[in-house]
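S.K.: Could you have a look at this structure, given as structure tokens, before my questions?
The values are calculated or read from the model by the stated rules, or taken from the named source; none is laboratory data. Remember, it's a predicted structure, so these values are computed and weren't measured experimentally. Positions of Cβ are generated from backbone atoms using ideal geometry, with glycine treated the same way; all protein chains shown enter the neighbour counts.
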Amino acid sequence: MAAPASPPIALRGPALSFTGDPFRDGLDATLVHEPDAIVAMAGGRITHFGPAARIAPLLPAGTELRDYGRNALISAGFIDTHVHYPQTPMIASHGAQLLDWLNKYTFPTELKFADRAFARDTARLFLRESLRNGITTSCVYCTVHPHSVDALFEEAEQIGLRLAAGKVLMDRNAPEGLLDTAQSGFDQSQALIQKWHGRGRLLYAITPRFAGTSTSEQLAAAGALWRENSDCLMQTHIAESRDEVAWIRELFPDRRNYLDVYDHHGLCGPRAVFGHAIWLDEPEMQRLHDCGAAIAHCPTSNFFLGSGAFDIARAVRKERPVRVGLGTDIGAGTSFSILTTLDAAYKASQLNRQSLSAGHAYYLATRGSARALYLDDKVGRIAPGMEADLVVLDMRSTPLIDSRMNEARDFAEQLFIQMTLGDDRAVQATYVAGRLVHARASGLSPPNRSP
Ligand SMILES: [Zn+2]
């Protein structure tokens, strides 16, 4: 099904996109910064992109031109590769590390999703907050309740979002009200795949929460389900904290390492997204590379729970690069802002004695994350034919940023200022399938419109 029809619209302003992977080929060969660009959209897709002077004469009659001015930045919409929408109500809960966090905060919150209305209200809040932060695609964990998936997909469908989500599978080590069984989890997921996967822009993600809450039997059922539906995503958690790694070793003493627990059950391959992966060893990284699976890097969550500092430079090493995307991991993550999340990614990198460049960071938040989800032929960059999901940043969104920008010597520095100091206030507008779905309120001038 095509994206919802929309009239031709063209956005004008500075623009940023990527023609390839800067971790592999360098920024000079891959980063496109067009200081005065036009991005035109029609029928849910991008139709034109390039210097305004070249594109303007090509626009069809009747195109509405929205000029965001020279202090804007038009980018592909941000992509969140790992997030739990049911944890929106428990963001900013104090004082626990991963395994305690699950028992103390996560499971009691997820039990509330037995109530459909609560699920629907939370899905609305989650999507509204995502759009306020320029996030146009997310890969989402729901709860064990199938209707928690319906609630999110129903809301996302109305907006026209490209979004992946799945019902969490858990058959042990959680409260009774949050458990399914290997068979019921398989059957419910199968029914949700038939209902939602490939409907409009929606995609299903088979979602065993992690090896600590699924028996071997359930992991095998998830693997069988994925084999039957190999164009679905598969998402789970791995090697987030050291205590968790030690616990999984006790639970699966026969497996070589943590990744082998999933691999053994048929859960490694293209479109697998492993959250965190901080404590993987070299053979596990090599295996992720070989099988085409991805890591979701969730730095605000990793710092909040004290889990560790993911070494992205190691993960993308040129001899065996692993696909890496960015995740907010709400509610252990502490912000819906992708700019704030990139700030944390920079700091995680610093703790590994590397300095993530701003260009690499924006790649990670857009095309890199699209590639992690195997969606880079659809979203994540600005180019004709791509789906028209865009974010328009305001590069002078606060008095401090405004002042600091006056001192910036080049575009790389301007980008770095945004990811270090910026937040939701920097998101002027969000477009989904060529339609404006969020425009920042408050005393800021709307785009100039001309017929
Ligand atoms: Zn998570």
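S.K.: For the range 182-202, state whether one or more residues are of a type outside the set (S, T, N, Q) and either within 16 Å of the ligand (Cβ to nearest atom) or at pLDDT below 95 (or both).
M.R.: No, the range 182-202 contains no residue that is of a type outside the set (S, T, N, Q) and either within 16 Å of the ligand (Cβ to nearest atom) or at pLDDT below 95 (or both).
S.K.: With respect to G306, determine if the residue is of a type in the set (G, A, S) and out of contact with any Phe, Trp or Tyr (no Cβ under 9 Å at 6 or more places or on another chain).
M.R.: Yes.
S.K.: Among the listed residues W247, W226, identify the single one that is farther than 26 Å from A361 by Cα, over 23 Å from the mean Cα position of the chain (by Cα) and among the aromatic types (F, W, Y).
M.R.: Values: W226 fails: over 23 Å from the mean Cα position of the chain (by Cα).
Checking each option against the conditions leaves just W247.
S.K.: Testing H94 on (1) more than 16 Å from the ligand (Cβ to nearest atom); (2) touching a strand residue (DSSP E or B) at 6+ places or on another chain (Cβ under 7 Å); (3) under 29 Å from R120 (Cα atoms), one condition comes back false. Which one is that?
M.R.: Of the numbered conditions (1) more than 16 Å from the ligand (Cβ to nearest atom); (2) touching a strand residue (DSSP E or B) at 6+ places or on another chain (Cβ under 7 Å); (3) under 29 Å from R120 (Cα atoms), the odd one out for H94 is (2).
S.K.: Out of (1) free of Cβ contacts under 8 Å to residues at least 12 places away in the same chain; (2) away from the ligand (no atom under 16 Å from the Cβ), the odd one out for L131 is which?
M.R.: (1)
S.K.: So which of S357, S337, S349, S301 ends up being of a type in the set (S, T, Y), away from the ligand (no atom under 16 Å from the Cβ) and without any contact (Cβ under 8 Å) to a residue 60 or more places away in the chain?
M.R.: Numbers: S357 fails: without any contact (Cβ under 8 Å) to a residue 60 or more places away in the chain; S337 fails: without any contact (Cβ under 8 Å) to a residue 60 or more places away in the chain; S301 fails: away from the ligand (no atom under 16 Å from the Cβ).
So the residue among S357, S337, S349, S301 that is of a type in the set (S, T, Y), away from the ligand (no atom under 16 Å from the Cβ) and without any contact (Cβ under 8 Å) to a residue 60 or more places away in the chain is S349.
S.K.: Just the residues that are crowded, with 23+ Cβ neighbours inside 10 Å and outside any strand (DSSP E or B), please, taken from the range 71-86.
M.R.: Correct list: G77, Y85, P86.
S.K.: If you don't mind, another one. If only one of A439, A433, A429, A412 is at pLDDT 95 or above, among the small types (G, A, S) and over 16 Å from A72 (Cα atoms), which one is it? Let's see the steps before the verdict.
M.R.: Values: A439 fails: over 16 Å from A72 (Cα atoms); A429 fails: over 16 Å from A72 (Cα atoms); A412 fails: over 16 Å from A72 (Cα atoms).
Only one candidate qualifies: A433.
S.K.: Only residues that are assigned to a loop (DSSP other than H, G, I, E, B) and of a type in the set (D, E, K, R): list them for the range 188-226, please. Please lay out each step first, then the result.
M.R.: As a first pass, look at the range 188-226 and keep what is assigned to a loop (DSSP other than H, G, I, E, B): 197-201, 209-215.
Once the filter is applied, which keeps residues that are assigned to a loop (DSSP other than H, G, I, E, B) and of a type in the set (D, E, K, R), the range 188-226 yields R199, R201, R209.
S.K.: List every residue pair whose Cβ atoms lie under 6 Å apart, where the two residues are 6 or more positions apart in sequence or sit on different chains, the first residue falls within the range 411-436 and is part of a helix (DSSP H, G or I), and the second residue, located anywhere, is acidic (D, E).
M.R.: Pairs that qualify, where the first residue is part of a helix (DSSP H, G or I) and the partner is acidic (D, E), are M419/D343; T420/D343; A426/D394.
S.K.: Could I ask something else about it? Criterion first (surrounded by fewer than 24 Cβ atoms within 10 Å (Cβ to Cβ) and either within 12 Å of H297 (Cβ to Cβ) or within 16 Å of the ligand (Cβ to nearest atom) (or both)) does A372 satisfy it?
M.R.: No.
S.K.: Tell me, which strands (runs of 3 or more DSSP E) lie completely within the range 227-321 with 2 or more residues that are surrounded by 24 or more Cβ atoms within 10 Å (Cβ to Cβ) and at positive phi?
M.R.: Of the strands (runs of 3 or more DSSP E) lying wholly inside the range 227-321, none has at least 2 residues that are surrounded by 24 or more Cβ atoms within 10 Å (Cβ to Cβ) and at positive phi.
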